[in-house]
Amino acid sequence: MALYNGHARGILVNDDAVKDPNSSLSSGVTFGEASTGARAGCPATDCNVCVVSGAAISGKNKLWSLAGVGAGFVAVEDILECDVVGGDPAKAISRQSSIGCINLSDHPRGL
């Protein structure tokens with residue numbers, strides 16, 4: 001298994017960010033490091049996460065299994081399992097998960 005980058009232009013991922021297999025990053029996605037504060041560090045993804053165009057995740061934020069991140073979203077806190085987040089101000093907009101965005105054949109719950 002490997003991280004899927006279907007449109008791999010303009011994707012910025014810090015070397016220290018943790019990227020679990022079977023996740024998908026679209027073009028214009030940034031995984032950056034926060035150097036100060038309570039969330040200093042790099043983001044981490046659990047399995048089967050989908051992050052679409054223009055999303056930015058920085059600092060020590062966790063994207064839990066089956067999370068979906070909407071276009072242009074800026075993550076400032078953890079994204080819970082099966083949450084789809086987006087909007088301005090950012091918030092959970094669905095609990096429908098990332099199903100349909102990525103291949104879930106290796107999900108530990110057999111989805």
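The values are calculated or read from the model by the stated rules, or taken from the named source; none is laboratory data. All values reported here derive from a predicted model rather than from experimental measurement. Here the Cβ positions follow ideal geometry from the backbone for every residue, glycine too, while neighbour counts run over all protein chains shown.
A few points about this structure:
- Filtered residues of the range 42-83 (kept if crowded, with 24+ Cβ neighbours inside 10 Å and polar (S, T, N, Q)): T45, N48
- Subset of the range 1-51 that is at positive phi and in contact with a Lys or Arg (Cβ under 9 Å, 6 or more places away or on another chain) - its residue that is modelled with the lowest pLDDT: G28
- Selection of the range 17-65 for residues being part of a strand (DSSP E or B) and under 15 Å from E81 (Cα atoms) yields A44, T45, C50, V51, K62, L63.
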